[in-house]
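*Asks:* Sharing a structure here in C-alpha coordinates format.
The values are calculated or read from the model by the stated rules, or taken from the named source; none is laboratory data. What you are looking at is a predicted structure, and each value in this text was computed from that prediction instead of being measured. FYI the Cβ positions are ideal-geometry reconstructions off the backbone, even for glycines, and counts take in every protein chain you see.
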Amino acid sequence: MSRIGILWCLALLAPWSALAADCESVVDMADSLDFHKMHVECDQEPQFQYDPSQREAVQPPPGSDAKPSAALVPEGSSVFTVEEPFTATGGPESAIRGLFAQLIERCPNGWVKHDEWVKRRQGVYALYYRARCDSSP
Amino acid sequence: MNKSLLALAVSALIPGYAAAAGPIDGDIYGKINLSLESIELNQGGVDDDTNELQSNASRIGVKGKTEISEDLYVIYKMEWEVQVDDGDSDLTSRNRYLGLAGGFGSLIAGQHDTPHKLAQNKVDLFNDLAGDIKNLLDSENRAKNIAMYSSPSVSGFGLTAAWIASEEDSEDDGSSIAVKYDNEGLYLSAAFESDVEAEGTDSVRLVAQYNINALTVGALWEENDVDGLEKQDAMHLSLAYKIDKVTLKTQYTVSEIAGSKAVSSVDGDEATMLSLGADYKLGKKTKAFAFYTTMENDEGGSAVYEKDVFGVGLEHKF
(Lines give C-alpha, C1' and ligand atoms only; values in the text may rest on other atoms or scores of the structure.)
Protein backbone atom coordinates (compact mmCIF):
# COMPACT_ATOMS: atom_id res chain seq x y z
CA MET A 1 0.00 0.00 0.00
CA SER A 2 1.40 3.42 -0.92
CA ARG A 3 2.22 5.98 1.76
CA ILE A 4 -0.65 8.14 0.49
CA GLY A 5 -3.01 5.20 0.85
CA ILE A 6 -1.82 4.61 4.44
CA LEU A 7 -2.34 8.30 5.25
CA TRP A 8 -5.90 8.19 3.86
CA CYS A 9 -6.65 5.13 6.01
CA LEU A 10 -5.28 6.87 9.09
CA ALA A 11 -7.32 10.01 8.29
CA LEU A 12 -10.52 7.96 8.04
CA LEU A 13 -9.74 6.28 11.36
CA ALA A 14 -8.83 9.56 13.08
CA PRO A 15 -12.36 10.48 14.28
CA TRP A 16 -12.56 7.15 16.07
CA SER A 17 -9.08 7.28 17.52
CA ALA A 18 -8.55 8.17 21.16
CA LEU A 19 -5.30 9.87 20.08
CA ALA A 20 -7.40 12.50 18.20
CA ALA A 21 -9.26 13.55 21.40
CA ASP A 22 -8.58 17.10 22.56
CA CYS A 23 -8.72 16.56 26.30
CA GLU A 24 -9.62 19.48 28.56
CA SER A 25 -9.88 19.40 32.32
CA VAL A 26 -12.49 16.95 33.63
CA VAL A 27 -14.63 19.73 35.12
CA ASP A 28 -14.90 21.40 31.68
CA MET A 29 -15.54 18.15 29.79
CA ALA A 30 -18.25 17.36 32.35
CA ASP A 31 -20.21 20.34 30.97
CA SER A 32 -20.27 18.97 27.43
CA LEU A 33 -22.39 16.38 25.67
CA ASP A 34 -19.39 14.26 24.70
CA PHE A 35 -19.70 11.61 27.39
CA HIS A 36 -17.54 9.10 25.51
CA LYS A 37 -14.70 11.60 25.31
CA MET A 38 -14.72 12.36 29.04
CA HIS A 39 -15.18 8.81 30.30
CA VAL A 40 -13.18 6.81 27.72
CA GLU A 41 -11.00 8.79 25.32
CA CYS A 42 -9.57 11.19 27.90
CA ASP A 43 -9.55 8.85 30.89
CA GLN A 44 -6.10 7.37 31.54
CA GLU A 45 -7.08 5.50 34.69
CA PRO A 46 -6.76 1.72 34.80
CA GLN A 47 -9.75 -0.14 33.47
CA PHE A 48 -11.13 -3.04 35.44
CA GLN A 49 -13.23 -5.99 34.40
CA TYR A 50 -16.30 -5.97 36.62
CA ASP A 51 -15.67 -9.04 38.73
CA PRO A 52 -16.04 -8.56 42.51
CA SER A 53 -13.90 -11.64 43.14
CA GLN A 54 -10.90 -10.07 41.44
CA ARG A 55 -9.58 -7.24 43.58
CA GLU A 56 -5.97 -6.29 43.15
CA ALA A 57 -3.70 -3.57 44.39
CA VAL A 58 -4.23 -0.38 42.38
CA GLN A 59 -0.89 0.75 40.99
CA PRO A 60 -0.31 4.51 40.75
CA PRO A 61 -0.11 6.11 37.30
CA PRO A 62 3.37 6.29 35.75
CA GLY A 63 5.35 9.20 37.08
CA SER A 64 3.16 9.56 40.15
CA ASP A 65 4.56 9.71 43.69
CA ALA A 66 1.45 8.02 45.12
CA LYS A 67 1.79 4.63 46.81
CA PRO A 68 -0.29 1.65 45.70
CA SER A 69 -3.62 1.43 47.47
CA ALA A 70 -4.15 -1.15 50.16
CA ALA A 71 -6.88 -3.10 48.35
CA LEU A 72 -6.94 -6.85 48.80
CA VAL A 73 -4.67 -8.77 46.42
CA PRO A 74 -5.65 -12.33 45.56
CA GLU A 75 -2.94 -14.78 46.55
CA GLY A 76 -0.60 -15.56 43.69
CA SER A 77 -1.58 -12.58 41.53
CA SER A 78 -0.34 -9.02 41.31
CA VAL A 79 -0.49 -6.28 38.72
CA PHE A 80 2.76 -5.31 37.05
CA THR A 81 3.95 -3.06 34.23
CA VAL A 82 6.24 -3.92 31.32
CA GLU A 83 7.57 -1.63 28.65
CA GLU A 84 9.29 -1.73 25.28
CA PRO A 85 10.65 1.16 23.20
CA PHE A 86 9.78 1.93 19.59
CA THR A 87 10.22 4.74 17.12
CA ALA A 88 7.64 6.64 15.12
CA THR A 89 9.18 5.51 11.83
CA GLY A 90 9.58 1.89 12.92
CA GLY A 91 6.10 1.56 14.39
CA PRO A 92 4.93 -0.33 17.49
CA GLU A 93 5.14 -3.85 16.04
CA SER A 94 8.59 -4.55 17.47
CA ALA A 95 7.50 -3.22 20.85
CA ILE A 96 4.43 -5.46 20.85
CA ARG A 97 6.60 -8.52 20.06
CA GLY A 98 8.99 -7.54 22.87
CA LEU A 99 6.14 -7.07 25.35
CA PHE A 100 4.63 -10.44 24.46
CA ALA A 101 8.05 -12.06 24.96
CA GLN A 102 8.26 -10.52 28.45
CA LEU A 103 4.73 -11.57 29.29
CA ILE A 104 5.25 -15.15 28.09
CA GLU A 105 8.34 -15.42 30.29
CA ARG A 106 6.61 -13.88 33.29
CA CYS A 107 3.18 -15.49 32.90
CA PRO A 108 3.61 -18.85 31.15
CA ASN A 109 -0.04 -19.75 31.89
CA GLY A 110 -1.40 -16.59 30.33
CA TRP A 111 -2.24 -13.08 31.47
CA VAL A 112 -4.94 -10.42 31.60
CA LYS A 113 -4.02 -7.02 30.20
CA HIS A 114 -5.52 -4.16 32.22
CA ASP A 115 -4.16 -1.06 30.51
CA GLU A 116 -1.97 0.16 27.69
CA TRP A 117 -0.37 3.55 27.10
CA VAL A 118 2.50 5.25 25.32
CA LYS A 119 4.99 7.80 26.63
CA ARG A 120 7.66 9.74 24.81
CA ARG A 121 11.07 10.18 26.40
CA GLN A 122 13.99 11.90 24.75
CA GLY A 123 12.60 11.44 21.27
CA VAL A 124 11.85 7.72 21.66
CA TYR A 125 8.43 6.25 22.35
CA ALA A 126 7.76 3.50 24.90
CA LEU A 127 4.77 1.18 24.85
CA TYR A 128 3.57 0.08 28.30
CA TYR A 129 1.33 -2.83 29.27
CA ARG A 130 -0.12 -3.18 32.75
CA ALA A 131 -1.13 -6.79 33.29
CA ARG A 132 -1.79 -9.56 35.77
CA CYS A 133 -0.77 -13.20 35.39
CA ASP A 134 -3.76 -15.45 35.00
CA SER A 135 -3.56 -17.98 37.81
CA SER A 136 -6.58 -20.01 36.71
CA PRO A 137 -5.84 -23.52 35.42
CA MET B 1 -6.17 9.70 41.58
CA ASN B 2 -6.05 8.19 45.05
CA LYS B 3 -8.76 5.54 45.23
CA SER B 4 -8.73 5.49 49.06
CA LEU B 5 -9.33 9.26 49.06
CA LEU B 6 -12.24 8.74 46.68
CA ALA B 7 -13.82 6.20 49.06
CA LEU B 8 -13.42 8.57 52.02
CA ALA B 9 -14.84 11.50 50.05
CA VAL B 10 -17.89 9.53 48.91
CA SER B 11 -18.49 8.41 52.49
CA ALA B 12 -18.34 12.05 53.65
CA LEU B 13 -20.82 13.18 51.02
CA ILE B 14 -23.26 10.33 51.50
CA PRO B 15 -23.82 9.49 55.17
CA GLY B 16 -24.16 5.78 55.78
CA TYR B 17 -22.40 4.88 52.56
CA ALA B 18 -20.53 1.62 52.73
CA ALA B 19 -17.84 0.81 50.22
CA ALA B 20 -19.27 -1.62 47.66
CA ALA B 21 -17.55 -4.83 46.72
CA GLY B 22 -15.44 -4.55 43.58
CA PRO B 23 -12.92 -1.96 42.41
CA ILE B 24 -13.62 1.74 42.76
CA ASP B 25 -13.03 3.10 39.28
CA GLY B 26 -13.70 6.79 39.65
CA ASP B 27 -12.22 10.24 40.04
CA ILE B 28 -13.03 13.27 42.13
CA TYR B 29 -13.00 16.56 40.24
CA GLY B 30 -14.35 20.06 40.54
CA LYS B 31 -13.63 23.74 40.61
CA ILE B 32 -13.87 26.67 42.99
CA ASN B 33 -14.66 30.08 41.54
CA LEU B 34 -14.90 33.05 43.88
CA SER B 35 -15.33 36.69 42.96
CA LEU B 36 -15.55 39.90 44.95
CA GLU B 37 -18.17 42.10 43.32
CA SER B 38 -19.46 45.64 43.52
CA ILE B 39 -23.12 45.63 42.42
CA GLU B 40 -25.23 48.67 41.55
CA LEU B 41 -28.86 47.78 40.96
CA ASN B 42 -31.80 50.00 40.09
CA GLN B 43 -35.07 48.10 39.92
CA GLY B 44 -38.33 49.97 39.55
CA GLY B 45 -36.61 53.20 40.49
CA VAL B 46 -35.20 51.80 43.76
CA ASP B 47 -31.42 51.67 44.21
CA ASP B 48 -29.81 48.66 45.85
CA ASP B 49 -26.01 48.86 45.90
CA THR B 50 -24.00 46.10 47.57
CA ASN B 51 -20.55 44.53 47.81
CA GLU B 52 -20.63 40.74 47.72
CA LEU B 53 -18.41 37.68 47.72
CA GLN B 54 -19.86 35.27 45.16
CA SER B 55 -19.29 31.54 44.71
CA ASN B 56 -19.82 31.16 40.97
CA ALA B 57 -21.05 27.63 40.30
CA SER B 58 -18.27 26.10 42.37
CA ARG B 59 -18.73 22.35 42.34
CA ILE B 60 -17.46 18.93 43.30
CA GLY B 61 -18.14 15.75 41.38
CA VAL B 62 -17.32 12.08 41.08
CA LYS B 63 -17.21 10.26 37.78
CA GLY B 64 -16.05 6.87 36.65
CA LYS B 65 -16.38 3.92 34.36
CA THR B 66 -16.20 0.15 34.53
CA GLU B 67 -15.42 -1.95 31.49
CA ILE B 68 -17.99 -4.74 31.22
CA SER B 69 -16.92 -6.11 27.85
CA GLU B 70 -14.68 -5.05 25.00
CA ASP B 71 -15.43 -1.41 24.14
CA LEU B 72 -18.50 -1.33 26.37
CA TYR B 73 -18.42 0.65 29.60
CA VAL B 74 -20.78 1.51 32.39
CA ILE B 75 -20.29 5.24 33.08
CA TYR B 76 -21.52 7.45 35.89
CA LYS B 77 -21.22 10.97 37.20
CA MET B 78 -22.64 12.90 40.14
CA GLU B 79 -22.06 16.62 40.74
CA TRP B 80 -22.98 18.99 43.54
CA GLU B 81 -22.78 22.76 43.68
CA VAL B 82 -20.75 24.05 46.59
CA GLN B 83 -21.39 27.48 48.11
CA VAL B 84 -17.84 28.37 49.05
CA ASP B 85 -18.80 31.93 50.05
CA ASP B 86 -21.43 31.28 52.71
CA GLY B 87 -22.42 27.61 52.76
CA ASP B 88 -26.10 28.45 52.21
CA SER B 89 -28.05 25.89 50.14
CA ASP B 90 -24.88 23.85 49.95
CA LEU B 91 -24.48 20.66 47.93
CA THR B 92 -27.44 21.26 45.65
CA SER B 93 -27.64 18.77 42.83
CA ARG B 94 -26.14 19.46 39.44
CA ASN B 95 -25.77 17.00 36.57
CA ARG B 96 -25.82 13.31 37.48
CA TYR B 97 -26.37 10.11 35.54
CA LEU B 98 -25.75 6.44 34.98
CA GLY B 99 -25.21 5.13 31.48
CA LEU B 100 -23.38 3.09 28.89
CA ALA B 101 -20.62 4.17 26.50
CA GLY B 102 -18.93 2.41 23.63
CA GLY B 103 -18.49 2.43 19.90
CA PHE B 104 -22.19 3.19 19.49
CA GLY B 105 -21.81 6.47 21.39
CA SER B 106 -23.29 6.92 24.85
CA LEU B 107 -26.66 6.54 26.50
CA ILE B 108 -27.31 8.11 29.90
CA ALA B 109 -30.23 8.77 32.21
CA GLY B 110 -30.62 10.97 35.25
CA GLN B 111 -30.60 14.74 35.65
CA HIS B 112 -28.68 16.73 33.11
CA ASP B 113 -28.36 19.92 31.09
CA THR B 114 -30.31 19.46 27.91
CA PRO B 115 -28.73 19.24 24.44
CA HIS B 116 -30.36 22.61 23.69
CA LYS B 117 -28.60 24.24 26.65
CA LEU B 118 -25.20 22.69 25.99
CA ALA B 119 -25.35 23.55 22.29
CA GLN B 120 -23.99 26.94 23.38
CA ASN B 121 -20.57 25.31 23.77
CA LYS B 122 -18.23 28.17 24.78
CA VAL B 123 -19.81 31.22 23.18
CA ASP B 124 -20.72 32.52 26.65
CA LEU B 125 -17.35 33.92 27.75
CA PHE B 126 -18.73 35.03 31.13
CA ASN B 127 -20.44 31.75 31.94
CA ASP B 128 -21.48 31.42 35.60
CA LEU B 129 -20.65 35.10 36.25
CA ALA B 130 -22.91 38.16 36.35
CA GLY B 131 -22.69 38.37 32.56
CA ASP B 132 -23.93 34.82 31.97
CA ILE B 133 -26.34 34.68 29.05
CA LYS B 134 -28.86 32.83 31.23
CA ASN B 135 -29.73 36.27 32.63
CA LEU B 136 -31.40 37.18 29.33
CA LEU B 137 -32.19 33.78 27.81
CA ASP B 138 -34.86 31.52 29.22
CA SER B 139 -34.27 28.02 27.86
CA GLU B 140 -31.21 27.16 29.92
CA ASN B 141 -32.55 23.94 31.39
CA ARG B 142 -31.10 21.27 33.64
CA ALA B 143 -33.79 18.65 33.19
CA LYS B 144 -34.83 16.03 35.69
CA ASN B 145 -35.84 12.53 34.58
CA ILE B 146 -33.91 12.78 31.34
CA ALA B 147 -32.67 10.01 29.05
CA MET B 148 -30.15 11.09 26.47
CA TYR B 149 -28.29 9.52 23.55
CA SER B 150 -25.09 11.08 22.21
CA SER B 151 -23.65 9.75 18.95
CA PRO B 152 -19.98 9.21 18.19
CA SER B 153 -18.25 12.08 16.46
CA VAL B 154 -17.80 11.25 12.76
CA SER B 155 -15.62 13.72 10.88
CA GLY B 156 -16.67 16.35 13.41
CA PHE B 157 -20.42 15.70 13.12
CA GLY B 158 -22.42 14.60 16.14
CA LEU B 159 -26.00 14.30 17.33
CA THR B 160 -27.50 14.34 20.82
CA ALA B 161 -31.16 13.65 21.52
CA ALA B 162 -32.98 13.63 24.84
CA TRP B 163 -36.38 12.65 26.18
CA ILE B 164 -37.60 14.23 29.38
CA ALA B 165 -40.36 12.51 31.33
CA SER B 166 -42.93 14.92 32.71
CA GLU B 167 -44.13 12.25 35.18
CA GLU B 168 -47.54 13.94 34.97
CA ASP B 169 -50.52 12.48 33.13
CA SER B 170 -51.73 15.96 32.19
CA GLU B 171 -48.43 17.20 30.80
CA ASP B 172 -46.53 16.31 27.65
CA ASP B 173 -43.09 14.79 27.92
CA GLY B 174 -40.30 17.06 26.74
CA SER B 175 -37.73 16.61 24.01
CA SER B 176 -34.43 18.26 23.18
CA ILE B 177 -32.14 17.63 20.25
CA ALA B 178 -28.91 19.17 18.99
CA VAL B 179 -26.70 18.52 15.99
CA LYS B 180 -23.19 19.85 15.84
CA TYR B 181 -20.10 20.16 13.68
CA ASP B 182 -16.86 20.62 15.60
CA ASN B 183 -13.63 20.42 13.66
CA GLU B 184 -10.50 22.43 12.97
CA GLY B 185 -11.50 25.31 15.22
CA LEU B 186 -15.00 25.69 13.75
CA TYR B 187 -18.03 24.86 15.87
CA LEU B 188 -21.59 24.95 14.50
CA SER B 189 -24.72 23.74 16.22
CA ALA B 190 -28.48 23.76 15.76
CA ALA B 191 -30.77 22.77 18.61
CA PHE B 192 -34.49 22.44 19.19
CA GLU B 193 -36.37 21.94 22.42
CA SER B 194 -40.04 21.38 23.14
CA ASP B 195 -42.06 21.28 26.36
CA VAL B 196 -38.97 21.43 28.56
CA GLU B 197 -38.92 25.01 29.84
CA ALA B 198 -42.69 24.80 30.20
CA GLU B 199 -45.67 23.09 28.62
CA GLY B 200 -46.28 24.61 25.21
CA THR B 201 -42.85 26.27 24.92
CA ASP B 202 -40.61 25.58 21.95
CA SER B 203 -37.11 26.96 21.48
CA VAL B 204 -34.70 26.98 18.54
CA ARG B 205 -31.04 27.80 19.02
CA LEU B 206 -28.28 28.34 16.44
CA VAL B 207 -24.65 28.63 17.53
CA ALA B 208 -21.38 29.34 15.72
CA GLN B 209 -17.87 29.76 17.07
CA TYR B 210 -14.57 30.02 15.24
CA ASN B 211 -10.98 30.07 16.49
CA ILE B 212 -8.52 31.97 14.30
CA ASN B 213 -5.13 31.69 15.99
CA ALA B 214 -5.44 33.87 19.13
CA LEU B 215 -8.89 35.21 18.21
CA THR B 216 -12.18 33.48 19.01
CA VAL B 217 -15.48 34.81 17.70
CA GLY B 218 -18.85 33.44 18.69
CA ALA B 219 -22.53 34.01 17.97
CA LEU B 220 -25.81 32.61 19.24
CA TRP B 221 -29.38 33.20 18.08
CA GLU B 222 -32.39 31.86 19.91
CA GLU B 223 -36.12 32.05 19.27
CA ASN B 224 -38.75 31.04 21.80
CA ASP B 225 -42.32 30.22 20.83
CA VAL B 226 -44.67 30.20 23.80
CA ASP B 227 -48.33 29.29 23.33
CA GLY B 228 -50.40 32.44 23.30
CA LEU B 229 -47.49 34.83 22.83
CA GLU B 230 -45.68 36.19 19.84
CA LYS B 231 -42.32 34.64 19.08
CA GLN B 232 -39.45 36.22 20.97
CA ASP B 233 -35.80 36.07 20.05
CA ALA B 234 -32.34 36.90 21.35
CA MET B 235 -28.94 37.50 19.78
CA HIS B 236 -25.54 37.09 21.40
CA LEU B 237 -22.05 37.94 20.11
CA SER B 238 -18.73 37.22 21.82
CA LEU B 239 -15.07 37.96 21.14
CA ALA B 240 -11.92 36.75 22.87
CA TYR B 241 -8.27 37.51 22.14
CA LYS B 242 -5.39 35.69 23.79
CA ILE B 243 -2.06 37.41 24.43
CA ASP B 244 0.34 35.02 26.14
CA LYS B 245 -1.24 34.34 29.57
CA VAL B 246 -3.92 37.02 29.22
CA THR B 247 -7.27 36.57 27.48
CA LEU B 248 -9.23 39.72 26.73
CA LYS B 249 -12.92 39.13 26.19
CA THR B 250 -16.17 40.92 25.53
CA GLN B 251 -19.73 39.94 24.69
CA TYR B 252 -23.05 41.58 23.92
CA THR B 253 -26.51 40.12 24.31
CA VAL B 254 -29.85 41.59 23.30
CA SER B 255 -33.02 39.73 24.17
CA GLU B 256 -36.77 40.10 24.12
CA ILE B 257 -37.30 36.65 25.63
CA ALA B 258 -39.56 36.96 28.65
CA GLY B 259 -38.76 35.16 31.85
CA SER B 260 -35.59 36.87 33.02
CA LYS B 261 -35.43 39.57 35.66
CA ALA B 262 -34.90 42.26 33.05
CA VAL B 263 -37.43 41.23 30.40
CA SER B 264 -41.15 40.99 31.04
CA SER B 265 -43.77 39.32 28.89
CA VAL B 266 -44.92 42.67 27.51
CA ASP B 267 -44.57 42.78 23.75
CA GLY B 268 -41.62 44.86 22.73
CA ASP B 269 -39.86 44.66 26.07
CA GLU B 270 -36.18 44.12 25.43
CA ALA B 271 -33.00 44.04 27.49
CA THR B 272 -29.33 44.34 26.63
CA MET B 273 -26.22 43.11 28.41
CA LEU B 274 -22.60 44.05 27.75
CA SER B 275 -19.60 42.46 29.46
CA LEU B 276 -15.90 43.27 29.33
CA GLY B 277 -13.24 41.26 31.06
CA ALA B 278 -9.83 39.67 31.20
CA ASP B 279 -8.47 36.35 32.43
CA TYR B 280 -4.88 35.85 33.60
CA LYS B 281 -3.59 32.30 33.60
CA LEU B 282 -1.68 31.67 36.82
CA GLY B 283 -1.19 27.97 36.17
CA LYS B 284 -2.49 25.02 34.20
CA LYS B 285 -5.70 24.93 36.28
CA THR B 286 -5.77 28.36 37.91
CA LYS B 287 -6.73 31.77 36.65
CA ALA B 288 -7.41 35.22 38.03
CA PHE B 289 -10.06 37.31 36.35
CA ALA B 290 -11.76 40.68 36.32
CA PHE B 291 -14.95 41.74 34.61
CA TYR B 292 -17.51 44.49 34.20
CA THR B 293 -21.11 43.76 33.21
CA THR B 294 -23.89 46.21 32.54
CA MET B 295 -27.47 45.08 31.96
CA GLU B 296 -30.58 47.17 31.32
CA ASN B 297 -34.01 46.98 29.76
CA ASP B 298 -35.59 49.51 27.46
CA GLU B 299 -38.66 50.20 29.57
CA GLY B 300 -40.95 48.68 26.95
CA GLY B 301 -43.80 48.42 29.39
CA SER B 302 -42.01 46.87 32.36
CA ALA B 303 -40.30 48.52 35.30
CA VAL B 304 -36.82 49.95 34.97
CA TYR B 305 -34.07 47.41 35.44
CA GLU B 306 -30.44 48.51 35.42
CA LYS B 307 -27.59 46.48 36.89
CA ASP B 308 -23.85 47.19 36.83
CA VAL B 309 -21.40 44.69 38.27
CA PHE B 310 -17.64 45.01 38.66
CA GLY B 311 -15.82 41.93 39.92
CA VAL B 312 -12.40 40.39 40.47
CA GLY B 313 -11.91 36.75 41.24
CA LEU B 314 -9.94 33.53 41.25
CA GLU B 315 -10.76 30.11 39.84
CA HIS B 316 -9.04 26.79 40.48
CA LYS B 317 -9.92 23.44 38.89
CA PHE B 318 -9.00 20.09 40.45
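*Asks:* I'm trying to understand the selection: among the residues of segment B:30-79, which are among the polar types (S, T, N, Q) and either touching a residue at least 40 places away in the same chain (Cβ under 8 Å) or surrounded by fewer than 20 Cβ atoms within 10 Å (Cβ to Cβ) (or both)?
*Replies:* Once the filter is applied, which keeps residues that are among the polar types (S, T, N, Q) and either touching a residue at least 40 places away in the same chain (Cβ under 8 Å) or surrounded by fewer than 20 Cβ atoms within 10 Å (Cβ to Cβ) (or both), segment B:30-79 yields B:Asn33, B:Ser35, B:Ser38, B:Asn42, B:Gln43, B:Thr50, B:Asn51, B:Gln54, B:Asn56, B:Thr66, B:Ser69.
*Asks:* Working carefully through the options B:Ser89, B:Ser106, find the one that is farther than 28 Å from B:Leu34 by Cβ and among the polar types (S, T, N, Q).
*Replies:* Details: B:Ser89 fails: farther than 28 Å from B:Leu34 by Cβ.
Going through B:Ser89, B:Ser106 in turn, the sole match is B:Ser106.
*Asks:* So, of the residues in segment B:123-141 that are in a helix (DSSP H, G or I) and within 11 Å of the chain's Cα centre (by Cα), which turns out to be surrounded by the most Cβ atoms within 10 Å (Cβ to Cβ)? Talk me through it step by step, then tell me what you get.
*Replies:* Restricting attention to segment B:123-141, the residues satisfying the condition of being in a helix (DSSP H, G or I) are B:133-135.
Now narrow it down to the ones that are within 11 Å of the chain's Cα centre (by Cα): B:133-134.
Working: B:Ile133: 24, B:Lys134: 15.
Applying the filter and picking the extreme gives B:Ile133.
*Asks:* A further question follows. Going through segment B:181-212 one residue at a time, which ones are in contact with an Asp or Glu (Cβ under 9 Å, 6 or more places away or on another chain), surrounded by fewer than 16 Cβ atoms within 10 Å (Cβ to Cβ) and assigned to a strand (DSSP E or B)?
*Replies:* The answer is B:Leu206, and nothing else.
*Asks:* So which residues in segment B:96-124 are charged (D, E, K, R) and touching a helix residue (DSSP H, G or I) at 6+ places or on another chain (Cβ under 6 Å)?
*Replies:* B:Asp124
*Asks:* Conditions: (1) buried (at least 20 other Cβ atoms within 10 Å of the Cβ); (2) within 24 Å of B:Val62 (Cα to Cα); (3) facing another protein chain (nearest Cβ under 10 Å); (4) of a type outside the set (Lys, Arg). B:Ala178 meets all but one. Number of the miss?
*Replies:* B:Ala178 satisfies all of (1) buried (at least 20 other Cβ atoms within 10 Å of the Cβ); (2) within 24 Å of B:Val62 (Cα to Cα); (3) facing another protein chain (nearest Cβ under 10 Å); (4) of a type outside the set (Lys, Arg) except (2).
*Asks:* Can you pull out every residue in segment B:80-96 that is closer than 23 Å to B:Glu140 by Cα and touching a residue at least 24 places away in the same chain (Cβ under 8 Å)?
*Replies:* Correct list: B:Trp80, B:Glu81, B:Val82, B:Gln83, B:Leu91, B:Arg94, B:Asn95.
*Asks:* Taking the criterion of being buried (at least 23 other Cβ atoms within 10 Å of the Cβ) and in a loop (DSSP other than H, G, I, E, B), would at least one residue in segment B:109-118 satisfy it?
*Replies:* Yes - at least one qualifying residue is present in segment B:109-118.
*Asks:* Restricting attention to segment B:104-141, and to residues there that are touching a His at 6+ places or on another chain (Cβ under 9 Å) and over 26 Å from B:Lys231 (Cβ atoms), which single residue is farthest from the other protein chains (Cβ to nearest Cβ)?
*Replies:* For segment B:104-141, the residue satisfying everything is B:Gly105.
*Asks:* Among the residues of segment B:227-242, which ones are surrounded by fewer than 22 Cβ atoms within 10 Å (Cβ to Cβ) and under 20 Å from B:Pro115 (Cβ atoms)?
*Replies:* Across segment B:227-242, the qualifying residue is only B:Asp233.
*Asks:* Let me ask another. Can we say B:Gly44 is modelled with pLDDT under 90, out of contact with any strand residue (DSSP E or B) (no Cβ under 9 Å at 6 or more places or on another chain) and away from chain A (no Cβ under 14 Å)?
*Replies:* No, not satisfied.
*Asks:* I need the full set of residues from segment B:142-156 which are touching a strand residue (DSSP E or B) at 6+ places or on another chain (Cβ under 7 Å), assigned to a strand (DSSP E or B) and at the interface with chain A (Cβ under 7 Å from one of its Cβ atoms), in order please.
*Replies:* Listed by number, the list holds a single entry, B:Ser150.
*Asks:* Quick test of your reading of the structure: A:Glu75 fulfils all but one of (1) at pLDDT below 70; (2) within 14 Å of chain B (Cβ to nearest Cβ). Name the failing condition by number.
*Replies:* (2)
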